[in-house]
Amino acid sequence: SKKWNTFYTNHEAGFFKERHWFSTEFPELMAPNISILECGCGTGSSLFPLAEANPTAILQGCDFSQRAIQVLQKHAGSERINAFVHDLTVPLPLEEASVDFALLIFVLSAVPPEKHVTVLQNISKVLKPGGVILYRDYGQYDLAQLRLPAKRFIQPGLYARGDGTLVYFSSLPQLQQT
């Protein structure tokens, strides 16, 4: 969390662009009165566009970085979002079977691969029956991976960025096994 707190202290809310593509990529998020949990919400680059696009959605977000949550909570419109600091490798402090959709947008890649199953199990516990995890992340041989210098290599697929945060590039077979 120390590296991510430093990242968000340095960049505030200006690093990640707001993600206005949800209505086309994930149209199911536009249904009325649904509950959405964004895991690894950062400063709200997904949650704020979702709040605008779906005014009836119940929005929650968690992030490993206390600084990111502080920045999110200062943003206009944050009163619609229940945001909290949380490490996804431990059970979520939410009622079981209370969430329709969980978003994992460029988040699992920031978690060491040996903890992926635990993270997904923790998220699955808060999903309602029929609930869905919506996932988008880096893949093996992604251009972002190819641009990383060899000195950033930790183990196959896992690298340390220049700021010390981790990034994992998974393959489709690895995801299917997880």
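Each label point was placed 7 Å from the Cα along the Cα-to-Cβ direction; for Glu28 and Leu172 their separation is 2.0 nm. Ranking Ser170, Gln145, Phe64 by how far each Cα lies toward the positive end of the dipole of the chain (charges on Cβ) leaves Gln145 at the top. Comparing Gly139, Gly40, Gly130 in a Gaussian network model of the chain, where Cα atoms under 10 Å apart are tied by springs, the biggest mean-square fluctuation is seen for Gly130. Helical content alone sets the calculated 222 nm signal of the chain at -7500 deg cm²/dmol, taking -39,500 (n - 2.57) per DSSP H segment of four or more residues and averaging over every residue.
Computed from label points 7 Å out along Cα-Cβ, the spacing between Leu134 and Glu95 is 2.3 nm.
Cross-link partners for Lys2 among the lysines, with Cα-Cα distance under 26 Å and sequence neighbours closer than 8 places in the same chain left out: Lys17, Lys74, Lys115, Lys151.
Karplus-based coupling profile of region 115-131, in residue order and whole Hz: 9, 4, 4, 4, 4, 5, 5, 4, 5, 4, 5, 8, 6, 5, x, x, x, with θ = phi - 60° in 6.51 cos²θ - 1.76 cosθ + 1.60 and x standing for Gly or Pro. Among beta bridges from DSSP that stay inside the chain, the antiparallel ones total about 20%. This model, with +1 at the C-beta of Lys and Arg and -1 at the C-beta of Asp and Glu, gives region 99-178 a dipole about its Cα centre of some 120 debye.
First select every other residue whose beta carbon is under 12 angstrom from the beta carbon of Leu88; then total the charges, Lys and Arg +1, Asp and Glu -1. Computed value for this residue: -1. The amide H of Cys41, built 1.01 Å from its N in the peptide plane, has Cys62, Asp63 as neighbours under 5 Å, considering only residues 5 or more places off or on other chains. Evaluated with a Cβ-only charge set (Lys, Arg +1; Asp, Glu -1), the chain carries a dipole of roughly 620 debye about its Cα centre, given to the nearest 20.
Surface composition of the chain: carbon and sulfur make up 54 percent of the accessible area, probe 1.4 Å. Take each peptide in 77-86, 149-158, count the other Cβ atoms within 10 Å of every residue, and average; sorted highest first, the result is 77-86, 149-158.
Between beta-carbons, use under 14 Å as the cut-off and find the net charge around Lys128, counting Lys and Arg +1, Asp and Glu -1.
Computed value for this residue: -3.
Think of a 1.4 Å ball rolled over the protein heavy atoms: region 39-152 then has 48 Å² of accessible area per residue. One decimal place: the segment Val117-Asp87 gains 9.4 nm when fully extended, by the rule 0.36 nm per residue minus the C-alpha distance.
The values are calculated or read from the model by the stated rules, or taken from the named source; none is laboratory data. All values derive from a computational prediction rather than experimental measurement. Every residue, glycine as well, gets a Cβ built from its backbone with ideal geometry; the counts of neighbours run over all protein chains shown. Each accessible area value is taken on the protein alone, full model and side chains, heavy atoms only, with ligands, DNA and RNA left out. Shrake-Rupley method; radii C 1.70, N 1.55, O 1.52, S 1.80 Å.
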